[in-house]
Amino acid sequence: GLPASDWERFRLGFAPASRTSLKDYLVTKGARPADLVEAGLLIAPEDGGAPYDRFRDRIMFPIADGRGRIVSFGGRAMDPEARAKYLNGPETELFHKGRVLYGLPEARRLLAAAPPDAAPPLVVVEGYMDVIACHRAGIAAVAPLGTALTEEQMELLWRRHPEPTLCFDGDRAGRQAAFRALDRALPLLTPGRSFRFSVVEGGKDPDDVLREQGAAALRSQLSRTVGFAETLFRRELESEPLDTPERRAGLKARLRAAASRIADRDLQAAYRDDLLARFEAALPARAPSGPGSDFRGRGAGRGRSWIDPAPTSLGRSAARRLAAALDGPAAALMKHALADPACLDDHLESPFAAGGFGEPDLAGLAKEIIRLRLESEHLDSQGLARHLASIDFEVLLTDIDRAAAKSGAPFLKPDVSLEDARSQWSQAFARLSRLAALDEALSTAKGDLGGSLSMDAFSRLKGERDRLRRQIRNWQDEP
């Protein structure tokens with residue numbers, strides 16, 4: 001999907017499927033096979049056979065050190081059945097994976113080109129194409145080479161930026177990668193050296209966002225970050241239930257222990273105070289619901305997204321506010337979620353779900369349902385209804401019933417089986433989520449026309465948005 005001009009800019013190439021194409025070419029230029037083996041370009045069989053090309057039938061990405069000198073290569077397989085989708089060169093005298101960051105020379109150039117009064121981010125993403133997407137959007141970005149971020153790579157980052165942004169997927173694997181980075185960075189933190197964390201929405205990666213929504217949307221998404229202390233606190237908060245005094249005391253002990261790992265004494269004390277203040281503020285909101293409640297503490301198996309804002313108190317006046325003109329499709333999604341809370345299980349970390357399915361008047365209710373689903377072993381519709389009524393959501397629930405009844409949503413019809421209703425609800429959720437993303441992309445892209453987003457791309461986005469609106473209004477299947 002890259003224009004030809006970017007092939008040259010990022011020095012991309014191709015390794016033919018032949019076992020000796022590169023070897024034969026370089027030998028004609030005077031190279032010795034033994035040197036090519038040592039450089040990682042050829043593989044020498046253990047049985048003493050003739051060396052052959054390491055990279056075959058792959059798109060090639062040169063890997064450069066901080067000064068722009070090529071020290072190795074990475075290859076992306078063209079064959080979908082290849083054992084390794086991505087393959088990096090081996091460790092050599094020139095190339096040590098844990099000490100090199102892909103894209104660093106271009107990232108340095110972008111940071112240096114920023115206006116003196118600007119504070120551009122330095123973003124760490126997961127792959128070659130994500131780095132290239134960010135650079136095309138004017139964002140300084142790098143990536144580790146198939147391994148967790150090392151201490152040496154963190155030092156490289158801090159030399160260029162006091163607070164780089166680590167961008168991960170929002171799924172379990174992405175969270176685990178972020179938490180590994182937390183643990184590795186914690187002893188190294190000092191005043192003026194930390195990290196922020198970001199998640200690209202909708203299960204996308206930066207390359208997807210750039211191609212589908214444009215540079216402005218990518219910049220907007222990567223600007224939404226959470227600080228190191230907040231991410232660390234949420235990790236510990238969600239690691240086990242808090243339904244007993246012992247477990248709540250255990251959380252406090254883990255927070256103290258985490259702060260104690262920071263080597264800088266002043267920062268260690270500041271983190272201890274900050275984490276314990278967060279503990280005191282969050283604990284009442286996470287306490288059990290009281291006698292007769294159907295909700296019990298849940299462990300970390302379905303933790304809240306580590307990038308979403310922490311839940312705040314609902315506020316009775318806000319909860320009682322009459323939403324006189326609720327959006328029909330959003331109300332229909334909420335109506336089914338109230339009747340079948342399990343339908344939310346695949347979307348508990350979705351900003352679109354937490355935002356009320358695109359309806360701001362439903363955001364507080366949605367966050368409360370997600371909180372309960374995360375924290376309770378058992379959440380049925382009757383227990384949910386009793387709890388919501390007890391915190392003054394009755395008026396809003398009535399408005400949801402009224403708007404949902406007028407929506408014509410097929411998954412709310414009484415003769416639809418639970419299995420079919422869940423399938424139809426999931427399709428509607430995906431469509432409305434995509435519509436919200438397109439609306440945001442079009443809004444941010446208006447100021448980018450004539451830049452990295454062409455009028456044709458803008459028109460395609462608008463056409464897709466308008467088609468989705470019609471389909472949602474008529475509850476149609478995709479053509």
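Values in this text are rule-based calculations from the coordinates and carry no lab data. Computed from a prediction, not measured in an experiment: that's the story for all the values here. All Cβ positions, even for glycine, are placed from backbone atoms using ideal geometry, and neighbour counts span all protein chains on display.
Quick look at the numbers
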quantity: Value at 222 nm in deg cm²/dmol, rounded to 500, when DSSP H runs of n ≥ 4 in the chain each add -39,500 (n - 2.57); calculated: -15000 deg cm²/dmol
quantity: Ordering of 48-59, 208-219, 262-273, 23-34 by burial proxy (mean other Cβ atoms within 10 Å per residue, highest first); calculated: 208-219, 48-59, 262-273, 23-34
quantity: Inter-site label distance for Met78 and Asp273 at 7 Å from Cα along Cβ, in nm; calculated: 6.1 nm
quantity: In sequence order, calculated HN-Hα J values of the stretch 410-418 (Karplus, 6.51, -1.76, 1.60; Hz; x Gly/Pro); calculated: x, 6, 9, 5, x, 8, 8, 5, 4
quantity: The stretch 133-169 versus the stretch 203-237: alpha-carbon centroid distance in Å; calculated: 13 Å
quantity: Loop sites in the stretch 81-162: GluC sites (Glu not before Pro), DSSP, at most 16 other Cβ within 10 Å; calculated: Glu81, Glu91, Glu93
quantity: Extension reserve of the Thr20-Asp264 stretch, reckoned as 0.36 nm per residue once the Cα distance is removed; calculated: 82.5 nm
quantity: Inter-label distance for Asp345 and Ser426, nm, one decimal - labels placed 7 Å from Cα along Cα-to-Cβ; calculated: 1.1 nm
quantity: Per-residue ³J(HN,Hα) for the stretch 130-146, Karplus 6.51 cos²θ - 1.76 cosθ + 1.60, θ = phi - 60°, Hz, x for Gly and Pro; calculated: 5, 4, 4, 4, 5, 4, 5, 8, x, 9, 5, 8, 9, 8, x, 9, x
quantity: Per-selection metrics, the chain (Cα): Rg and Dmax in Å; calculated: 25.9, 83
quantity: Pairs of lysines in the chain (C-alpha under 16 Å apart; 8 or more residues apart or interchain); calculated: 4
quantity: Three-way shape label, the stretch 100-219, alpha-carbon gyration tensor, a/c 1.5; calculated: oblate
quantity: For the stretch 340-357, Karplus couplings with θ = phi - 60° (6.51, -1.76, 1.60), whole Hz, Gly/Pro x; calculated: 9, x, 5, 5, 7, 4, 7, 10, 5, 9, 7, x, 5, 5, 5, x, x, 6
quantity: Extension gain from Ser381 to Arg99, taking 0.36 nm per residue of separation minus the Cα-Cα distance; calculated: 96.2 nm
quantity: Ser443-Ala257 FRET efficiency (beta carbon distance; Förster radius 35 Å; 0.05 resolution); calculated: 0.20
quantity: Under 5 Å, built H, 5+ apart or other chain: amide partners of Phe14; calculated: Met60
quantity: Nitroxide proxy distance, nm - points 7 Å out along Cα→Cβ at Arg9 and Ala249; calculated: 5.9 nm
quantity: Largest-first ellipsoid semi-axes for the stretch 4-95, taking √(5λ) over the Cα gyration tensor eigenvalues, angstrom; calculated: 21, 17, 13
